Amino acid sequence: MTGPESEESPVRRAVCPGSFDPITNGHLDIIARASRLYDEVYVAVMINKSKKGLFEIEERIDLIRTVTAEYGNVRVEAFHGLLVDFCKQRDIPAIVKGLRAVSDFDYELQMAQMNNGLSGVETLFVPTNPTYSFLSSSLVKAVAAWGGDFAHLVPPEVLTALTERLRED
C-alpha cells in the first residue's frame, strides 16, 4: 500500500507542567482532558531548589503517578530549567495549561509567546472546569493547615498524604 494510508501517524505528545505541591482536582481535570486529546501526556513536575515544597519532588511524582494511573497514556517526570528544553528532549510540540481567570491568561500568554519564540512549542489553553476555578495548591494547603474540609478539592490519595504531612509538622 502506498500513500497516506500506509504511513504511520506520528505520536501526538503534550506536556502539563507545574509544581503540583500537591496535585489538586483542578490539575487532575486538565491532565485527564489532555489525555483524551493526545497520545502521550507528560506531567512535568518542576524542581525549584529555591523553594521548599511541602512534599519532596519524589513524593509529588508518586502521588501524581497514583492518581493518573487510570489514564494509561500519562507519564510523570521531574524537570528543572526551561520547559522548552524538556519539550525538545522528548519531541513534545505542545504545552497544555489550564486557565482559571483572566489574571492567569495575562501571565500565561507571555509565557506561551516566549516558549514559542524560543523553540516553536505551542501552548494550548484549556478553560478550567468552573467547579475548580478558584482552586490552587496554595489554597488547599492553607485550608488544610487551618483544619478546614478540603476532601472535595483533592484526590483521596492526596487527602491522606496531606493530612499525614500536616500531623508531622
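For the reader, a short list of remarks on this structure follows.
- The chain, relative contact order in percent, only Cα pairs under 8 angstrom and at least six apart counted: 27 percent
- Under 5 Å between amide hydrogens, built in the peptide plane, is the criterion, and for Met46 it picks out Gly18, Ser19, Phe79 among residues at least 5 positions away or on other chains.
- Centroid-to-centroid separation of the stretch 9-50 and the stretch 96-152 [C-alpha atoms, Å]: 12 Å
- Qualifying trypsin sites (Lys or Arg not before Pro) for the stretch 1-81 [loop in DSSP, other Cβ within 10 Å: at most 14]: Arg12, Lys49, Lys51, Lys52
- Across the stretch 23-30, computed HN-Hα scalar couplings (Karplus, 6.51 cos²θ - 1.76 cosθ + 1.60, θ = phi - 60°) run 5, 10, 5, x, 4, 4, 4, 5 Hz from first to last residue, x flagging Gly and Pro.
- Solvent-accessible surface (1.4 angstrom probe) belonging to His80, in square angstrom, nearest 10: 130 Å²
- Taking 0.36 nm per residue of sequence separation and removing the Cα-Cα distance, the Asn129/Leu166 pair yields an extension gain of 10.5 nm.
- For the chain, convex hull of alpha carbons as volume per residue, Å³: 136 Å³
- Amide hydrogen neighbours beyond the local backbone of Leu99, cut-off 5 Å, H modeled: Val126, Thr128
- Table column - 3J(HN,Hα) (Hz), the stretch 68-79, Karplus curve with 6.51, -1.76, 1.60, x for Gly and Pro: 10, 4, 5, 7, x, 10, 9, 10, 10, 9, 7, 8
- Computed accessible area, Thr128, all protein chains, 1.4 angstrom probe, square angstrom: 20 Å²
- Computed E for Arg12/Val102 - FRET, C-beta separation, R0 22 angstrom, nearest 0.05: 0.15
- Scanning the chain for GluC sites (Glu not before Pro) in DSSP loops with at most 16 neighbouring Cβ atoms within 10 Å leaves 57-169 as the longest stretch between them.
The values are calculated or read from the model by the stated rules, or taken from the named source; none is laboratory data. None of the values given here were measured: they were computed from a predicted structure. Using ideal geometry, Cβ is built from the backbone for each residue, glycine included, and neighbour counts are taken over all protein chains shown. Side chains included, ligands, DNA and RNA excluded: accessible areas come from the protein's heavy atoms. Shrake-Rupley method; radii C 1.70, N 1.55, O 1.52, S 1.80 Å.
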